[in-house]
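Novice: Below are the structure tokens for one structure; questions will follow.
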Amino acid sequence: MRRFRNADEADASLLLRAGNTQAVDFYVTSQRIHGGIRPSMWEEIYAAWAIDRKNGRHSIMVAGTNNEVAALTARARLDPVMQGMVGRGGALVHDGNKVGVNDVIVTRHNDRWLRSNHGKDFVANGDLWTVRNTDNGQLTVPRLRHGGVPTLPADMW
């Protein structure tokens, strides 16, 4: 698995992490920075994500605040629920949203005590999971990469 498609992108990310504003040049010239009115940009973010999902790709939506992320998450869940692909009910998570059976979730922190893949892996920040069950707020979730199935406790959310 590669994080970047080209060396320039990798270099720009390191500059950005170090706080070097020259990194912005790469993102501007590569047309990776877009501006606009916030609500219309949320809709553009959602539309691009929905196209990826329709084409079988897993992508993430990024926003500036936790409230914006929660709003995008709620929006992203609406269509699959209405289409019957994702369970309407489910467990309430930290941001006020629900997750139901067949939702794809991203874990947001590491927990080395929660093991999967026959003990070879732990729950890590950024991992993608499909919700299989939501009993008592706990989530039984196969990991998309290797299929290991831990149960995430309710207090994790």
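Novice: Considering only residues of the stretch 1-40 that are of a type in the set (K, R) and under 23 Å from G126 (Cβ atoms), which is modelled with the highest pLDDT?
Specialist: Per the stated criteria, the residue is R17.
Novice: I need the full set of residues from the stretch 55-68 which are within 21 Å of L144 (Cα to Cα) and modelled with pLDDT under 90, in order please.
Specialist: G56, R57, H58, S59, I60, M61, V62
Novice: Return the total of residues in the stretch 103-157 being touching a His at 6+ places or on another chain (Cβ under 6 Å) and loosely packed, with under 14 Cβ neighbours inside 10 Å.
Specialist: Residues that pass the stated criteria total 1.
Novice: From V69, V86, V62, grab the single residue that is assigned to a loop (DSSP other than H, G, I, E, B) and either touching a residue at least 24 places away in the same chain (Cβ under 8 Å) or under 25 Å from I33 (Cα atoms) (or both).
Specialist: Exactly one of V69, V86, V62 is assigned to a loop (DSSP other than H, G, I, E, B) and either touching a residue at least 24 places away in the same chain (Cβ under 8 Å) or under 25 Å from I33 (Cα atoms) (or both), namely V62.
Novice: Using the structure shown, decide if A10 is surrounded by 10 or more Cβ atoms within 10 Å (Cβ to Cβ) and aliphatic (A, V, I, L, M).
Specialist: Numbers: surrounded by 10 or more Cβ atoms within 10 Å (Cβ to Cβ): yes; aliphatic (A, V, I, L, M): yes.
Yes: the conditions hold for A10.
Novice: Continuing with the same structure: Could you pull out the residue among R53, R38 that is surrounded by 14 or more Cβ atoms within 10 Å (Cβ to Cβ), among the basic types (K, R) and in the same structural domain as A74 (by TED's automatic domain parsing)? Step through it out loud before you land on a result.
Specialist: Working: R38 fails: surrounded by 14 or more Cβ atoms within 10 Å (Cβ to Cβ).
Going through R53, R38 in turn, just one is surrounded by 14 or more Cβ atoms within 10 Å (Cβ to Cβ), among the basic types (K, R) and in the same structural domain as A74 (by TED's automatic domain parsing): R53.
Novice: Is it the case that some residue within the stretch 130-142 is of a type in the set (A, V, I, L, M) and closer than 22 Å to D52 by Cβ?
Specialist: At the first step, the residues of the stretch 130-142 found to be of a type in the set (A, V, I, L, M) are 131, 139, 141.
Now narrow it down to the ones that are closer than 22 Å to D52 by Cβ: 131, 141.
Yes.
Novice: Which count do you get for residues in the stretch 89-99 that are free of Cβ contacts under 8 Å to residues at least 60 places away in the same chain, assigned to a loop (DSSP other than H, G, I, E, B) and buried (at least 18 other Cβ atoms within 10 Å of the Cβ)? It would help to see each step written out before you state the result.
Specialist: Here is the first cut: in the stretch 89-99, the ones free of Cβ contacts under 8 Å to residues at least 60 places away in the same chain are 89-90, 95-99.
Okay, now just the ones that are also assigned to a loop (DSSP other than H, G, I, E, B), so 89-90, 95-97.
Imposing the further condition that a residue be buried (at least 18 other Cβ atoms within 10 Å of the Cβ) reduces the set to 90, 97.
Final tally of qualifying residues: 2.
Novice: Shifting gears a bit: For the structure I just gave you, tell me whether S59 is loosely packed, with under 15 Cβ neighbours inside 10 Å, closer than 29 Å to R132 by Cβ and of a type in the set (S, T, Y).
Specialist: yes
Results for (1) assigned by TED's automatic domain parsing to the domain that holds G56; (2) free of Cβ contacts under 8 Å to residues at least 60 places away in the same chain; (3) under 24 Å from A76 (Cα atoms); (4) part of a loop (DSSP other than H, G, I, E, B), shown as yes or no for each residue.
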residue	(1), (2), (3), (4)
I105	yes, yes, yes, no
H109	yes, yes, yes, yes
L114	yes, yes, no, no
G119	yes, yes, no, yes
F122	yes, yes, no, no
G126	yes, yes, yes, yes
W129	yes, yes, yes, no
N136	yes, yes, yes, no
G147	yes, yes, yes, yes
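Novice: Sticking with this one: Which of the residues belonging to the stretch 75-88 are touching a helix residue (DSSP H, G or I) at 6+ places or on another chain (Cβ under 9 Å) and surrounded by fewer than 16 Cβ atoms within 10 Å (Cβ to Cβ)?
Specialist: Selection gives D79, M85, R88.
The values are calculated or read from the model by the stated rules, or taken from the named source; none is laboratory data. Here the structure is a predicted model, which means the values were calculated and not measured. Backbone-built Cβ (ideal geometry, glycine too); neighbour counts: all protein chains shown.
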